[in-house]
Amino acid sequence: MKYHVVDVFTDRLFGGNPAGVCLLDSWPADETLQSIAAENNLSETAFLVKRDGGYDLRWFTPTLEIDLCGHATMGGAFVLFEFVETAASDLRFSTLSGVLTVTRGEGDRLWMDFPAWPAEPAPNYPALAKAFGTGRFETYKAADIMAVLESEEEVRDLRPDFEALKEVEAEAGMPDNSFGVIITAPGRDCDFVSRYFAPNAGINEDPVTGRSHCLMVPYWSKRLGRTKMTARQLSRRGGLLWVEDVGGRVHIGGRVKLYLTGEIMID
């Protein structure tokens, strides 16, 4: 099985979010996919199978399959553009979140077309206040939970209690373990900053997250009064994204660096 590791939402190695990308001829058993993702031990591994008009795409964390992943989608598209679909200008993926597209842009950027998830105001769940050590935030809810803080420094310095964060699932009535908790605030050298935690999905902190921008882009677009914005994720590795609110969809742009190419040896 052809296997690649790419660093996504960065222009340098060892930055951004590393994604595993596996190119398959056909689908093996789900247990095999999950075992590979657990062995890779990255936030997500993307698995792709070619079909008429595009590719089927699935994403697995080390513990479960999820319904939407940004960085592994962009990483998968980068691998295909580099090694398989070298003449293509865009790629089409069939996923659990519908059809997603990735397009080549200027300045070696790739652009993803993703669903917009406008979030509704929600209570400040006690588990969030316990996890954050403060109740000074506004809470919103869609497929993920989003907490809006006052400053970039608060986002950067927060050290959450991950066991307390796990309790949010029951308090917020989330349907399964695939959700995450976003913290976000206005940025100093960009429009907004964020971090993303998904301990219920086996990821305490995700380095740079595409799917969280499905919530944040509609929120910040309305709050700031602009459709095109830049965003930074303030994890240890860090990442830069260009985003656009296009009404019902969000465009998420970034760069990718190839780290590893090899083969996974399975029967």
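Derivation of every value follows stated rules applied to the coordinates shown; laboratory data play no part. It should be emphasised that the depicted structure is a prediction, and the values quoted were computed from it without experimental measurement. Cβ placement follows ideal geometry from the backbone for every residue including glycine, while neighbour counts extend to all protein chains displayed.
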| field | Zone of Asp67's modelled label, taken as backbone nitrogen in the range 97-137 under 19 Å from a point 7 Å along Cα→Cβ | value | 97-101, 113-122
| field | Options [x] 153; [y] 141; [z] 120 - which one matches volume of the Cα convex hull per residue in Å³ as calculated here | value | [z]
| request: Please report how far the C-alpha centroid of the range 151-219 lies from that of the range 1-80, rounded to the nearest whole angstrom. | output: 21
| remark: Within the range 23-55, the residues whose backbone N lies under 11 Å from a label point placed 7 Å from the Cα of Val84 along the Cα-to-Cβ direction are 23-26, 47-52, 54-55
| request: Beyond 28 Å between alpha-carbons counts as too far, so tell me which of Lys141/Lys228; Lys2/Lys257; Lys141/Lys257; Lys141/Lys222 fall in that bin. | output: Lys141/Lys257
| If all Cα-Cα distances of the range 1-61 are sorted into 10 Å bins from 0 onward, what percent lands in each bin, rounded to whole numbers? | 22, 50, 24, 3
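Quick check: net charge around Lys228, other residues with Cβ under 10 Å of its Cβ, Lys/Arg +1 and Asp/Glu -1?
Values: positive: Arg226; negative: Asp191, Glu244, Asp245.
For residues surrounding Lys228, the net value is -2.
Sum -39500 (n - 2.57) across every DSSP H segment of at least 4 residues in the chain, then divide by the residue count to get the 222 nm mean residue ellipticity, nearest 500. Numbers along the way, then the final one.
Details: 7 runs with 59 residues, N = 267.
Computed mean residue ellipticity for the chain: -6000 deg cm²/dmol.
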| query | What list of ³J(HN,Hα) values in whole Hz, one per residue of the range 105-118 in order, does the Karplus curve 6.51 cos²θ - 1.76 cosθ + 1.60 (θ = phi - 60°) give from phi, with Gly and Pro shown as x? | reply | x, 6, x, 6, 7, 10, 10, 9, 9, 10, x, 8, 10, x
| note | So, with points 7 Å from each Cα along the Cβ direction, the Arg92-Lys228 label distance in nm works out to 2.7
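Report the net charge of residues surrounding Arg188, where surrounding means a beta-carbon distance below 11 angstrom and charges are Lys +1, Arg +1, Asp -1, Glu -1. Before the final figure, lay out the partial values.
On the way: positive: Arg156, Arg232; negative: Glu152, Glu153, Asp189, Asp191.
Here the count lands on -2.
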| note | Length gained if Leu260 through Glu153 is fully extended, taking 0.36 nm per residue and subtracting the Cα-Cα distance, is 35.1 nm
| request: Describe numerically, in nm with one decimal, the distance between label points set 7 Å from Cα along Cα→Cβ at Arg104 and at Lys166. | output: 4.6
| Local charge sum around Val155 (other residues, Cβ-Cβ under 10 Å, Lys/Arg +1, Asp/Glu -1)? | -2
